[in-house]
1. Could you please let me know if LEU60 is in a helix (DSSP H, G or I), among the aliphatic types (A, V, I, L, M) and at pLDDT below 95?
2. So for region 1-24 (the condition being assigned to a loop (DSSP other than H, G, I, E, B), of a type in the set (A, V, I, L, M, F, W, C) and in contact (Cβ under 8 Å) with a residue 24 or more places away in the chain), does at least one residue qualify?
3. List pairs: first in region 26-49 and without any contact (Cβ under 8 Å) to a residue 60 or more places away in the chain, second part of a helix (DSSP H, G or I) and among the basic types (Lys, Arg), Cβ under 8 Å, 6+ apart or cross-chain?
4. Looking at region 8-40 only, could you name the residues that are surrounded by 13 or more Cβ atoms within 10 Å (Cβ to Cβ) and of a type in the set (Phe, Trp, Tyr)?
Amino acid sequence: MARVMTATQRVQSAFASLQTQFPPAGSGQPSQFALQTFDAALQELEDAQAAFDEMLGDLLDGNR
């Protein structure tokens, strides 16, 4: 669960950073770094959610 929470916070942070690059604050041309950071944060969140779902499934099935 902690991994999911940390990943969620990273997505929120990366999204906030990305938002600053769009009007009215930015030019509407996000940097490649900001896009890659956001993409990596989303991927980590997906991975964390999948691991959590697998663990929860195992617990419900009595495998853990």
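The values are calculated or read from the model by the stated rules, or taken from the named source; none is laboratory data. Please read all numbers here as calculations on a predicted model, not as lab measurements. No Cβ is skipped: glycine too gets one built from the backbone with ideal geometry, and neighbour counts run over all protein chains shown.
1. For LEU60, the condition - in a helix (DSSP H, G or I), among the aliphatic types (A, V, I, L, M) and at pLDDT below 95 - is met.
2. Within region 1-24, one or more residues are assigned to a loop (DSSP other than H, G, I, E, B), of a type in the set (A, V, I, L, M, F, W, C) and in contact (Cβ under 8 Å) with a residue 24 or more places away in the chain.
3. Close Cβ pairs (under 8 Å, with a partner that is part of a helix (DSSP H, G or I) and among the basic types (Lys, Arg)) amount to ALA41/ARG10; GLU44/ARG10; LEU45/ARG10; ALA48/ARG3.
4. PHE15, PHE38
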